[in-house]
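Trainee: To start, I am sharing the structure in question, which I have written as structure tokens.
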Amino acid sequence: MEKTSLAEKALEQGQGILRLAPNWVPRSFCVPGRRIKLHPDDYYVLGGERGGIDERWLSSTTPAKNGPLTGENEGLSMVVVSDSSGTQQFLLKDAISALKDKLIGKRLWDTYGAWPMYSKFFDNMGPLPHHIHHNDEKAALIGQAGKPEAYYFPPQLNNHGGDFPYTFMGIAPGTTREQIKECLLNFTKGDNKITNYSQAYRLEPGTGWDVPPGLLHAPGSLCTYEPQKASDVFAMYQSLVNEAIVPEVLLWNGTPKESIGDYDALMDVIDWELNVDPNQFQNRFMPPVTAANGDGYTENWVCYKSDAFSAKELTVAPGATVVIKDSAAYGIILMQGHGKMGVWDIDTPALIRYGQLTNDEFFISEAAAVAGVKIVNHSATDPIVMLKHFGPGNPDLVL
């Protein structure tokens with residue numbers, strides 16, 4: 001079936017809500033924390049050379065940048081549509097290209113011509129290296145967009161804290177540029193000790209952090225929900241983490257070919273004032289903020305400091321039936337509970353095989369969001385909890 005008619009059929013069948021398939025992404029430099037519900041036999045199903053699967057990308061139209069072995073459509077979410085002839089999958093990216101403002105709304109389509117964000121679960125057993133995401137100006141040099149991101153630590157996915165549930169953030173006040181440049185120059189000499197010049201913060205489930213581009217950060221080992229701009233640009237500035245050497249190629253990841261070897265170019269990616277902010281905790285930490293309290297439900301903002309995206313956590317009480325209205329299109333991932341959302345049965349799987357379809361991830365069109373999404377909790381004891389990720393300029397984000 002032609003893509004446009006298939007997208008229209010899926011939108012009509014879901015009455016404005018698209019069902020999405022799980023979208024697993026490996027990282028060669030990571031060790032899975034095994035908290036994202038993938039079957040234990042499947043974390044290395046793509047082969048040892050690809051590394052373990054420690055990410056699930058949500059509502060993504062952004063391809064993963066995983067080097068020459070990257071699989072076809074890796075990182076790209078698929079829409080699931082079924083009829084009497086069977087089940088088909090096609091790219092969410094193609095659905096948005098076909099349906100345009102009918103799916104994501106006129107405001108986003110006219111401004112971006114695409115869905116300009118995605119979210120993910122990031123699930124690493126240990127900490128990541130101190131690294132950085134480029135801003136729009138620097139990312140444009142390699143044909144990408146800049147990458148602000150945010151963290152939220154869902155309690156449902158954090159039954160253990162991993163090896164190091166602390167995140168280094170920024171550069172300690174008083175540090176000089178020369179000291180950080182020396183760390184970069186020492187990248188191939190073992191431990192370049194760059195986190196000597198940073199500060200670590202303990203991570204708490206049910207809270208989050210804002211991470212603008214240009215801010216050095218070494219994410220800790222909690223399983224993390226990460227809304228972010230539609231980009232996969234980064235560079236690793238720490239050479240040794242958890243006794244594992246970081247390949248030098250990752251230091252220059254995101255650097256134009258003509259600038260590889262230029263350490264001043266690496267320094268230019270750093271937003272210095274942002275990094276040495278003495279109020280890093282006060283300005284970057286995000287406790288949940290109440291968005292709405294209604295009959296049978298509560299909503300909290302969990303990511304709200306970036307203008308590139310936002311996210312809410314919705315909780316529907318056991319046995320409740322609610323209608324939730326929003327002013328913009330969004331993706332959702334179910335964290336807990338089961339019931340009905342619009343025409344769809346929704347449930348939270350305990351374990352997922354690689355390639356298995358689920359009923360825990362959806363994309364809600366702007367029209368359906370504005371009209372209101374009916375959610376019915378079929379449990380007498382268990383709340384429904386879902387995370388909702390929005391694009392830039394959410395009209396409802398007023399704090």
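The values are calculated or read from the model by the stated rules, or taken from the named source; none is laboratory data. These numbers come from a predicted model, not from an experiment. For neighbour counting, all protein chains shown are included, and Cβ atoms are generated from backbone atoms with ideal geometry for every residue, glycine included. Surface areas here come from the heavy atoms of the whole protein model, side chains and all, with no ligands, DNA or RNA. Shrake-Rupley method; radii C 1.70, N 1.55, O 1.52, S 1.80 Å.
Trainee: Could you run the Debye sum over the Cα atoms of segment 73-118, one equal point scatterer each and no solvent, and tell me log10 of I(q)/I(0) at q = 0.22, 0.25, 0.33 Å⁻¹, two decimals?
Mentor: -0.78, -0.90, -1.15
Trainee: Using a Cα-Cα cut-off of under 20 Å, which lysines could be cross-linked to Lys100, ignoring same-chain neighbours fewer than 8 residues away?
Mentor: Lys3, Lys9, Lys229
Trainee: Give the average over all directions of the projected area of the C-alpha convex hull of segment 1-144, one decimal, in nm².
Mentor: Working: hull surface 43.3 nm².
Average of the hull's projected areas for segment 1-144 equals 10.8 nm².
Trainee: Now for a different question. Using +1 at the C-beta of Lys and Arg and -1 at the C-beta of Asp and Glu, which of Gln280, Ser239, Asn23 has the Cα lying farthest in the positive direction of the dipole of the chain?
Mentor: Asn23
Trainee: If you don't mind, there's one more thing I want to ask. Considering lysine pairs in segment 240-369 that are 8 or more places apart or on different chains, how many have Cα atoms under 28 Å apart? Could the numbers behind the result be given before it?
Mentor: Working: Lys305/Lys325; Lys312/Lys325; Lys312/Lys340; Lys325/Lys340.
Lysine pairs, 8 or more places apart or on different chains, close enough: 4.
Trainee: Counting only Cα atoms, I'd like the Rg/Rh figure for segment 190-327, Kirkwood definition for Rh.
Mentor: Numbers: Rg = 19.1 Å, Rh = 18.0 Å.
A ratio of 1.06.
Trainee: Could you work out [θ]222 nm for the chain from helices alone, using -39500 (n - 2.57) per DSSP H run of at least four and dividing by all its residues? Round to the nearest 500 deg cm²/dmol.
Mentor: Result for the chain: -4000 deg cm²/dmol, rounded to the nearest 500.
Trainee: Note down the relative contact order for segment 296-399 as a percent, whole number, built from C-alpha pairs under 8 angstrom at least six residues apart. All intermediate terms of the calculation are to be shown ahead of the outcome.
Mentor: Working: 249 pairs, mean separation 43.5, N = 104.
Relative CO of segment 296-399 lands at 42 percent.
Trainee: What Kirkwood hydrodynamic radius do you get for the chain when you take the inverse of the mean 1/r over all pairs of distinct Cα atoms, in Å?
Mentor: Values: mean 1/r = 0.0463 Å⁻¹.
The answer is 21.6 Å.
Trainee: When the accessible area of segment 156-268 is split by element with a 1.4 Å probe, what percent falls to carbon and sulfur? List each step's numbers first, then the result.
Mentor: Values: 2210 of 4710 Å².
The computed percentage sits at 47.
Trainee: Counting only protein heavy atoms and using a 1.4 Å probe, what share of the accessible area of segment 271-354 belongs to carbon plus sulfur, as a whole percent?
Mentor: 48
Trainee: Mind pulling the per residue volume of the convex hull built on the Cα atoms of segment 242-399? Å³ is fine.
Mentor: Looking at segment 242-399, the number lands at 210 Å³ per residue.
Trainee: Another question about this same structure. Which of the peptides 189-199, 222-232 is most tightly packed, and how do the rest follow, judged by the mean count of other Cβ atoms within 10 Å per residue?
Mentor: 222-232, 189-199
Trainee: For the chain, set up a GNM with springs between Cα atoms under 10 Å and report which of Trp209, Trp57, Trp252 has the largest fluctuation.
Mentor: Its mean-square fluctuation being the largest, the pick is Trp252.
Trainee: Please work out the Cα center distance from segment 1-30 to segment 336-399, rounded to the nearest Å.
Mentor: 15
Trainee: For Glu137 paired with Val289, estimate the spin-label separation in nm (one decimal), with each label point 7 Å from Cα along the Cα-to-Cβ line.
Mentor: According to this spin-label approximation, the distance is 2.8 nm.
Trainee: Over the Cα atoms of segment 85-190, what is the Rg over Rh ratio if Rh follows Kirkwood?
Mentor: Working: Rg = 20.1 Å, Rh = 18.6 Å.
Here the Rg-to-Rh quotient is 1.08.
Trainee: Excluding residues on the same chain fewer than 8 positions from Lys65, give the aspartates and glutamates whose Cα lies under 14 Å from its Cα.
Mentor: Hits, sequence-local ones excluded: Glu55, Glu74, Asp232.
Trainee: Then there is this: With a 1.4 Å probe and all protein chains left in place, how much accessible area per residue does the chain have, in Å²?
Mentor: 40
Trainee: Output the relative contact order of the chain, whole-number percent, from Cα pairs under 8 angstrom with separation of 6+ residues.
Mentor: 19
Trainee: A further question on this structure: Expressed as a whole percentage, what fraction of the accessible surface of segment 1-143 belongs to carbon and sulfur atoms when a 1.4 Å probe is rolled over the protein heavy atoms?
Mentor: Reported share for carbon and sulfur atoms: 49 percent.
Trainee: I've got another one for you. Computed over the Cα atoms of segment 233-289, what is the ratio Rg over Rh, Rh following Kirkwood?
Mentor: Reported Rg/Rh, Kirkwood definition of Rh: 1.09.
Trainee: On the first, second and third principal axes, largest extent first, how far apart are the outermost C-alpha atoms of segment 41-118 in Å?
Mentor: On the principal axes, segment 41-118 reaches 44, 36, 18 Å in Cα extent.
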